[in-house]
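Only the coordinates and a few stated rules stand behind these numbers; no lab work does. As the structure is a prediction and not an experimental result, all values here were calculated from the model. Glycine gets a Cβ as well: all are built from the backbone with ideal geometry, and neighbour counts include every protein chain shown.
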Amino acid sequence: MAEFLQITLSGLATGSIYALAAIGFTLLWQASQTINFAQGEFVMLPAFFVLIGMHVLGLPLFVAMLFALLLSLILLGAMFKKLVIEPMLPHGTLPIVMATIALGILMKESVKEFYSAEAQPFPALVSDRTVDIFGASVSFQDIANLAISLLVVVALQFFLNGTRTGRCMQATAQNPGVAEILGVNIKRMVLYTFLINAALATVASFLISPIYLAKFSNGEPIGLVAFIAAIVGGFNQIRGALVGGLLIGVVDNLAASYVSAQYRAAVPLLLLIVIILVRPQGIMGKAEGRTV
Amino acid sequence: MAIEEINAGGGILGKQVELTQYDSQSDAQTSRAMVQKAIDDGAFALLGTVYSGSTIVNMLVAQQAGIPQMTGSEAPKITALGNPYIFRTSFGAQKSMPKIAAYLKDEMKVSKVAIAWVNSEFGKGGHDAFVAQMEEKGIEVVADVPSENAQADFASDVVKLKGSGAEAIFVYLTEEESARFLREAKKQGVSVPLVGETTLIGQKVIDLAGDASDGTLGHVSLTPDAPIPAVQEMAKKFEEKYKYRADHNAIKGYIGAYAIKYATELVGELDSQKVADKLHGLTLKAAEHPGVLMDITWDDTGEVSRESFLVGVEGGKQTVKATLPAN
């Protein structure tokens, strides 16, 4: 029982970080029909901004994190929208897919070339002590990861549903034409979405890097898992991405423990196939109609 | 550093050595292409690769071209394939495991052990050699947990190992995965000793895992903390030059470069084939050939025989607990 609890709690902690990246997928999809295949690299890169802040500029950890957040908002939010998405958007989804794949490769190779090809230690944000919960030893780090991720998601939901700007963003996502007629500055709303995605990726980076270590190649597995989580949960629902992320985290750990360590990577993909067959819109997603 | 020293001392047979570096990216196919490129560029000898999964592929290219290759890889299979051009700078896992098994049985009095290993050429070789030794010593393997290369999340692995009732856990992962494993083991409060090889207690792992590496034990072929003045001198020069601490791979590269120099000088001419022939069965004494740092012998398969060390990690530093004789 303690073993099962331990595996489930660890899975929830890791899954909550996947959820942050998965939510970014759903936000960009809703705001601009963008599938960002560089999302994993968006999670990988801010950790290196922190390391540059600490080791090159000599900043303390929390100042370096603010520095990383600011750089991410500029580069992964505003510049990404301006230089990659906006020029590609009129040409449809496929050029954006190709452009984001290329961007992901560029980011990965740049980190390898200009920082290091080797994994780098990344400071943990909380103590590495553990607490005993019904026989399972759970670390403060896991609890903090889960709590911070859930807090971010709740705050995001509140922002989107409880504020005027949030509702304008939702209106833009649902029907940009009507939103514009109603006086919503849709360009600004789309920009906000990109900035929120960059911030989510940055938080995910701060939480996952102490466990995964900061490495140029971290983006691939994170991006893939977050993409699967977004589809499993429902690509058009934020709470779907949250459920998808948590589910994938737990299923991955349970599969490695009770099915087969060698095939652990295949289990989330099997889950994806089952969901697509049984409920194509995802667990929490809504079916979308589209005129062809 | 070794090449610079060799050139400063007059080179090899009066000729200056030109060192060209190729990035294998720890990828087997890339390493094969890079070895081919090195040979096409006229390489006299090859240093590398370290990653066993790459070496097993690229050594065939060097074999076809008849170029001696000094590898840092430790998978047992590498010297078991009858390739007359491959030579280790550090011995294979099949030579390490008897020493580790003896330590587990005689010093630690362990009767049940669990294994965490990476499912790669390197990991499989070490795992099989270790399991065979456990059978021979009568130590029960109570959990056998493979993981994938570049695995990031070790939570479920550690849960399984922790609940297995093992009195010690043998960890045979590559360095980055070892660091992630140690962090997870600390997180979950694993209390039994973690025992491994160079890849568990190397300097890189200590740097990445931080205090999670404290208390680990390992058998190492080479360490900058070896109680041997020549090794410590080399490590000191390395740190002064590159501003970071040498690890076993740095020492392997250093010894490999000097081994090529000494073997070529013993042959007396720049002939790759003759150098490869000369290295088989060659013993280089550190007293006469200081660049090899410790007395070293290559057998007719290219396998190495040399003293080794049992090392513990305390306070983020390796401490040599015992020097083990060559086998």
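General remarks:
- Built amide H within the under 5 Å cut-off of A:S139, gap 5+: A:V131
- Cα gyration tensor category, rounded, prolate or oblate, for segment B:1-128 with a/c compared to 1.5: prolate
- In chain B, the ratio of gyration radius to Kirkwood radius, Rg to Rh, stands at 0.97 when only Cα atoms are counted.
- Rounded to 10°, Cα long-axis angle of helix B:229-242 versus longest principal axis of chain B: 80
- Fraction of C-alpha pairs exceeding 21 angstrom in segment B:150-221: 13 percent, rounded to a whole number.
- Counting only other chain Cβ atoms within 10 Å of each residue's Cβ, the peptide B:183-189 averages 6.
- Applying the criteria of a DSSP loop state and at most 16 other Cβ atoms within 10 Å to the GluC sites (Glu not before Pro) of segment B:1-66 yields B:E18.
- Summarising the amide proton neighbourhood of B:D144: residues at separation of 5 or more, or on other chains, whose placed amide H is nearer than 5 Å comprise B:I115.
- Calculated SAXS-style log₁₀ I(q)/I(0) at q = 0.09, 0.11, 0.14, 0.16 Å⁻¹ - chain A, Debye, Cα scatterers: -0.43, -0.65, -1.05, -1.35
- Using a Förster distance of 35 Å, the FRET efficiency for A:T165-B:Y244 (Cβ separation, nearest 0.05): 0.10
- Think of the protein assembly as shown as a dipole: +1 on every Lys or Arg Cβ, -1 on every Asp or Glu Cβ, centred on the Cα centre; then among A:T8, B:Q64, A:F25, A:F25 lies furthest on the positive end.
- P(r) histogram, all alpha-carbon pairs of segment A:136-193 included - 10 Å bins from 0, percent: 23, 35, 20, 14, 7, 1
- Chain A: DSSP helices with Cα axial extent of at least 27 Å and average Kyte-Doolittle hydropathy no lower than 0.0: A:2-32, A:93-114, A:140-162, A:186-212
- Under 5 Å from the amide H of A:A214 lie the amide H atoms of A:Q120, A:F122, each residue being 5 or more positions distant or on a separate chain, with H modelled from the backbone and absent for Pro and chain starts.
- Listed residues A:I105, B:Q133, B:T198: farthest to the positive end of the dipole of the protein assembly as shown (Cβ charges): A:I105
- Gyration tensor (alpha-carbon) shape descriptor, segment B:104-179, a/c threshold 1.5: oblate
- Anisotropy class of segment A:1-150 from Cα gyration tensor, a/c 1.5 cut: oblate
- Here each label is just a point 7 Å from Cα along the line to Cβ, and for A:E220 and B:E307 those points are 4.2 nm apart.
- Rounded to the nearest 500, the helix-only mean residue ellipticity at 222 nm of chain B stands at -12500 deg cm²/dmol, with each DSSP H run of n ≥ 4 adding -39,500 (n - 2.57).
- Dipole of the protein assembly as shown [Lys/Arg +1, Asp/Glu -1 at C-beta], most positive-end residue of B:L282, B:T30, B:I260: B:T30
- Rounded D (µm²/s) - segment B:93-220, Kirkwood Rh over Cα pairs, Stokes-Einstein at 4 °C, 1.567 mPa s: 92
- Chymotrypsin sites (Phe, Trp or Tyr not before Pro) restricted to DSSP loop in segment A:123-162 with at most 13 other C-beta within 10 Å: A:F134
- For the protein assembly as shown, a crude dipole built from +1 on the beta carbon of Lys and Arg and -1 on the beta carbon of Asp and Glu, taken about the Cα centre, is about 2000 debye to the nearest 20.
- Using alpha-carbon coordinates, inclination of helix B:28-40 to the longest axis of chain B, degrees: 10
- Residue among B:M97, B:M108, B:M294 with the largest mean-square fluctuation in a Gaussian network model of chain B, springs linking Cα atoms under 10 Å: B:M108
- Dipole magnitude for chain B: about 340 debye, using +1 per Lys or Arg Cβ and -1 per Asp or Glu Cβ, origin at the Cα centre.
- The protection proxy used here, the mean number of other Cβ atoms lying within 10 Å of each residue, ranks peptides B:234-245, A:185-196, B:83-94 as follows, highest first: B:83-94, A:185-196, B:234-245.
- Here the label points at B:Q16 and A:L151, each 7 Å from Cα along the C-beta direction, are separated by 6.1 nm in the simple model.
- Length-normalised contact order of segment B:93-220 in % [C-alpha pairs under 8 Å, at least 6 apart]: 25
- Segment A:187-292 - percent relative contact order, Cα under 8 Å, separation 6 or more: 24
- Over segment B:173-226, relative contact order from alpha-carbon pairs under 8 Å, at least 6 apart, %: 43
- Between segment B:16-46 and segment A:150-181, the alpha-carbon center distance in angstrom: 55
- Cα-only Debye scattering, segment B:270-327: base-10 log of I(q)/I(0) at q = 0.12, 0.24, 0.25, 0.30 Å⁻¹: -0.42, -0.99, -1.03, -1.14
- Area projected by the alpha carbon convex hull of the protein assembly as shown, averaged over all directions, nm²: 30.1
- Charged-residue dipole, Cβ positions (Lys, Arg, Asp, Glu), segment B:93-220 about Cα centre, Debye nearest 20: 260
- Spin-label model, B:Q273/A:I101: points 7 Å from Cα along the beta carbon direction are separated by 4.8 nm.
- The orientation-averaged projected area of the convex hull spanned by the Cα atoms of segment A:97-179 comes to 10.3 nm².
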